[in-house]
Amino acid sequence: MQLPLQISFRHMNPSESLEELVRKYAVRLDKFAHDIMSCRVVVELAGKHHQHGNLYDVRIDLTLPGEEICITREPGAHQEYKDIRVALRDAFDAAHRKLEDFVQRRRRDVKTHEFPPHGRVIRLFPEDGYGFIETPDGREIYFHRNSVLHESFDNLQVGAEVAFAEEMGQKGPQASTVKVIGKPQQAGSTV
């Protein structure tokens, strides 16, 4: 961490053993993401509950480049927060999950959907059962009638937009699993 860890206790006496536990958890976070600029932890006695005992509220504020992560563990929904160690553990576990999400976004480890290559039919030879697709980069790809999905080769027209899987054939690149995704453009029409 670039700034020293800040630990505050509210409505309760500070405890060296609790401070040491907070430091241990904070070191784990710092090892996971080395660019944490600051970490502030507030441990608060939420109030005296005669029926349930004392409950603890834990708040963690992490500052990173371009991001601030705030975690609050409020005792209202968690009766197990009578034990301050459980409240601390849960708060730091939540902070670790949020930090993990941030690191993945920063690394761009999010899932991306790859779209299949596409192009337009530029030549058809229906009597021979094949044709050619032109890709956006100007390459010509051969395809056979058996590669066209849903038996739509007979309905295929020059200019139709298609998606396909490209593979290397005996005479060069060829398309397999050709799927019609758009009708032919009329001359003079705009998209």
> Based on the alpha-carbon gyration tensor of segment 118-182 and its eigenvalue square roots a ≥ b ≥ c, which shape applies: rounded if a/c is under 1.5, prolate if not and a/b is larger than b/c, or oblate?
Replying inline: rounded
>> List the GluC sites (Glu not before Pro) within segment 114-171 that DSSP assigns to loop and that have no more than 10 neighbouring Cβ atoms inside 10 Å.
In response: E114, E127
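No lab work stands behind these numbers, since they all come straight from the coordinates. Quick caveat, the model's predicted, so the values are computed rather than measured. No Cβ is skipped: glycine too gets one built from the backbone with ideal geometry, and neighbour counts run over all protein chains shown.
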